[in-house]
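Enquirer: The structure is given below, and queries will be raised subsequently.
The values are calculated or read from the model by the stated rules, or taken from the named source; none is laboratory data. Keep in mind that what you see is a predicted model, and the values were worked out from it rather than measured. Neighbour counts are summed over all protein chains in view; Cβ atoms, including those assigned to glycine, are modelled from backbone coordinates with ideal geometry.
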Amino acid sequence: MPALTVREVLALDVLGPAAPLLLAGQGGLDRPVRRVHTGGVPEGCAVLSGGELLLTDGHGLARATPQRQRAWVRELAGRGAAALFAEVGRALPRMPAGVTAEAERLGLPLVALRRVVPFARVAEAVNCAIGPRPATGPRPATGRAAPGPRPSPDASGARALIGALLDGTDAARAGAAARAAPAGFRPPEGHRVLGLAARGHRQAVPARSTAPPLDRLPDRLLGRVPGTVLAAELRGGLFALLAVPPAPDPVRAVRAVLQEASLPGAVVALGPAVPAAAGWVRFGESLREAVATLGLAVTVPSAEPCGPGPQQPYVTTARAFALERELTRSGGPERWSRLAGDVLGPLLAWESRHAGDLVRTLEVHLRHGCSPTRTAALLHIGRQSLYQRLERIEGLLGTAVADPEAQAELLLATCAHRLLQARRAH
């Protein structure tokens, strides 16, 4: 019968609320779990036939003598139990030292469940997660995968799991770690997980007609990412979870790799980096943030007037579109129009009568720390021309652009105006 490992069971989201703590038997974490059995100790021992994970509330252990407790651990190991998960804090205030020592001696994984969770829910999630494994070939290795293309040995399973994560359904939570395991995706401790969404062209730039075919993206994009990858092509795009080694700024590091590896015309978006220990709910959130960012990247013009050309890849991040994402979540064109009009009314009125680019100048200046040198370079104008624009902007608005109290509102309003322009253009 196919099985999970004890390690994979511990990674299931359903166990997160129980605050599981491994007390003994770390060397047995790769033991196969064929099914979950709930019951007391020693009552549960009699029905074990090998490969069971025993869930117990600790009542039997609490009533037994130290000698009997150790004997029951020996009986569990002798019957081939995969692991013992015991609830502590109610009937069993703490795990008896003799039980921990005997489990460690026998290599039996012993896990303390420090908070109460319904055993029925845990058993259902684990038993449902036990699914078919690849019939042939070696078990995918954990940790960092070798560089180069990594085709999934269970492509249909990866597509189903990625699809569930995109939809945010409960199916993505129950047994996600086990469903990802056949594809070799087991984020090592200490790694960070990022969502990725990509497509072959950018709708906001009509000239971007030389976009690469989607089937050429996976190898070019994912083959150079350090770490392990779970990817699927579906719904007209490429979607993936990337588990990358620790770095001071993993998003920036991955973006740099993808910018160099991407094909001309490709558009790629990265979600926030979350700890590998955060679990599949957070992994799904990062993936959906990447999808939302991709949608904005292909429809909303960049704040800078000279974004990537049609022959360049465009790799962006969720944090680069943080304002756009928040504005689209919290409202639509009516709110954007009201916000832009209330804050930027004099600038918009002036631009309607003159050939100028004051709103764009203001946004670029704010986004780049009010640096005159950087702003002038991005707008391809001289610094004196920039100073003249800023003077006019401040005169029309009646406030200093450098005023910290005004900057957040001004940046939000300029972003709302750009979203509104993109909506009207489409």
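Enquirer: Going through 345, 341, 356 one at a time, which residue ends up being assigned to a helix (DSSP H, G or I), in contact with a helix residue (DSSP H, G or I) (Cβ under 8 Å, 6 or more places away or on another chain) and over 20 Å from residue 293 (Cβ atoms)?
Expert: On the way: 345 fails: in contact with a helix residue (DSSP H, G or I) (Cβ under 8 Å, 6 or more places away or on another chain); 356 fails: assigned to a helix (DSSP H, G or I).
Within the list 345, 341, 356, the selection yields 341.
Enquirer: Another one. When you look at residue 125, is it hydrophobic (A, V, I, L, M, F, W, C) and either modelled with pLDDT of 80 or more or under 17 Å from residue 26 (Cβ atoms) (or both), yes or no? Break it down stepwise before answering.
Expert: Numbers: hydrophobic (A, V, I, L, M, F, W, C): yes; either modelled with pLDDT of 80 or more or under 17 Å from residue 26 (Cβ atoms) (or both): no.
It is false that residue 125 is hydrophobic (A, V, I, L, M, F, W, C) and either modelled with pLDDT of 80 or more or under 17 Å from residue 26 (Cβ atoms) (or both).
Enquirer: Against the definition (modelled with pLDDT of 75 or more and either surrounded by 14 or more Cβ atoms within 10 Å (Cβ to Cβ) or on the phi < 0 side of the Ramachandran plot (or both)), how does residue 188 come out, yes or no? Break it down stepwise before answering.
Expert: Working: modelled with pLDDT of 75 or more: yes; either surrounded by 14 or more Cβ atoms within 10 Å (Cβ to Cβ) or on the phi < 0 side of the Ramachandran plot (or both): yes.
Yes.
Enquirer: So which of 148, 107 is modelled with pLDDT of 50 or more and touching a helix residue (DSSP H, G or I) at 6+ places or on another chain (Cβ under 9 Å)? Let's see the steps before the verdict.
Expert: Working: 148 fails: modelled with pLDDT of 50 or more.
Just a single option satisfies the conditions, and that option is 107.
Enquirer: Something else: Looking at (1) free of Cβ contacts under 8 Å to residues at least 12 places away in the same chain; (2) surrounded by 15 or more Cβ atoms within 10 Å (Cβ to Cβ); (3) not in a loop (DSSP other than H, G, I, E, B), find the lone condition where residue 302 falls short.
Expert: (3)
Enquirer: Another question, then. Filter the stretch 351-378 for residues that are surrounded by fewer than 17 Cβ atoms within 10 Å (Cβ to Cβ) and of a type in the set (A, V, I, L, M, F, W, C) and give the result.
Expert: 355, 370, 377 - these are the residues of the stretch 351-378 that are surrounded by fewer than 17 Cβ atoms within 10 Å (Cβ to Cβ) and of a type in the set (A, V, I, L, M, F, W, C).
Enquirer: Hey, does the stretch 209-216 have a residue that's at pLDDT 65 or above and either assigned to a loop (DSSP other than H, G, I, E, B) or surrounded by 14 or more Cβ atoms within 10 Å (Cβ to Cβ) (or both)? Talk me through it step by step, then tell me what you get.
Expert: Step one: of the stretch 209-216, the residues at pLDDT 65 or above are none.
No, because not a single residue in the stretch 209-216 is at pLDDT 65 or above and either assigned to a loop (DSSP other than H, G, I, E, B) or surrounded by 14 or more Cβ atoms within 10 Å (Cβ to Cβ) (or both).
Enquirer: Something else: Look through the stretch 381-425, keep the residues that are within 37 Å of the chain's Cα centre (by Cα) and outside any helix (DSSP H, G or I), and return whichever of them is farthest from residue 357 (Cα to Cα). Step through it out loud before you land on a result.
Expert: Step one: filter the stretch 381-425 for residues within 37 Å of the chain's Cα centre (by Cα), giving 401-425.
Of the ones still in play, those that are also outside any helix (DSSP H, G or I) are 401-403.
Values: 401: 16, 402: 19, 403: 21 Å.
Filtering the stretch 381-425 for residues that are within 37 Å of the chain's Cα centre (by Cα) and outside any helix (DSSP H, G or I), the one farthest from residue 357 (Cα to Cα) comes out as 403.
Enquirer: Within the stretch 240-263, how many residues are closer than 16 Å to residue 195 by Cβ and outside any strand (DSSP E or B)?
Expert: Taking the stretch 240-263 first, the residues closer than 16 Å to residue 195 by Cβ are 240-244, 250-255, 257-258.
The next check asks that each one be outside any strand (DSSP E or B); those that pass are 250-255, 257-258.
So the count comes out to 8.
Enquirer: So which of 391, 351 is farther than 26 Å from residue 199 by Cβ and out of contact with any helix residue (DSSP H, G or I) (no Cβ under 7 Å at 6 or more places or on another chain)? Can you show your working first?
Expert: Values: 351 fails: out of contact with any helix residue (DSSP H, G or I) (no Cβ under 7 Å at 6 or more places or on another chain).
Criteria check complete, one pass: 391.
Enquirer: Report yes if residue 296 is of a type outside the set (Gly, Ala, Ser), touching a residue at least 60 places away in the same chain (Cβ under 8 Å) and crowded, with 17+ Cβ neighbours inside 10 Å, otherwise no. Before you say what the answer is, go through the steps one by one.
Expert: Values: of a type outside the set (Gly, Ala, Ser): yes; touching a residue at least 60 places away in the same chain (Cβ under 8 Å): no; crowded, with 17+ Cβ neighbours inside 10 Å: yes.
So residue 296 does not fit the description; no.
Enquirer: Related question: Among (1) modelled with pLDDT under 70; (2) exposed (fewer than 15 other Cβ atoms within 10 Å of the Cβ), which single condition is residue 249 missing?
Expert: (1)
Enquirer: Let me ask you something else. Among the numbered criteria (1) buried (at least 20 other Cβ atoms within 10 Å of the Cβ); (2) at pLDDT below 75, which single criterion is violated by residue 83?
Expert: Going through (1) buried (at least 20 other Cβ atoms within 10 Å of the Cβ); (2) at pLDDT below 75 one by one, residue 83 breaks only (2).
Enquirer: Does the stretch 3-12 contain at least one residue that is outside any helix (DSSP H, G or I), at pLDDT below 90 and under 23 Å from residue 98 (Cβ atoms)?
Expert: Step one: list which residues in the stretch 3-12 are outside any helix (DSSP H, G or I), which gives 3-5, 11-12.
Keeping just the survivors that are at pLDDT below 90 gives 3-5, 11-12.
Subset that is under 23 Å from residue 98 (Cβ atoms): none.
No: the stretch 3-12 contains no residue that is outside any helix (DSSP H, G or I), at pLDDT below 90 and under 23 Å from residue 98 (Cβ atoms).
Enquirer: State whether the residues of the stretch 396-414 include one that is within 24 Å of residue 299 (Cβ to Cβ), surrounded by 20 or more Cβ atoms within 10 Å (Cβ to Cβ) and among the aliphatic types (A, V, I, L, M). Spell out how you get there, then give the answer.
Expert: Step one: list which residues in the stretch 396-414 are within 24 Å of residue 299 (Cβ to Cβ), which gives 410-414.
Then drop every residue that is not surrounded by 20 or more Cβ atoms within 10 Å (Cβ to Cβ), which leaves 410, 413-414.
Now drop any that are not among the aliphatic types (A, V, I, L, M), which leaves 410, 413.
Yes, because at least one residue in the stretch 396-414 is within 24 Å of residue 299 (Cβ to Cβ), surrounded by 20 or more Cβ atoms within 10 Å (Cβ to Cβ) and among the aliphatic types (A, V, I, L, M).
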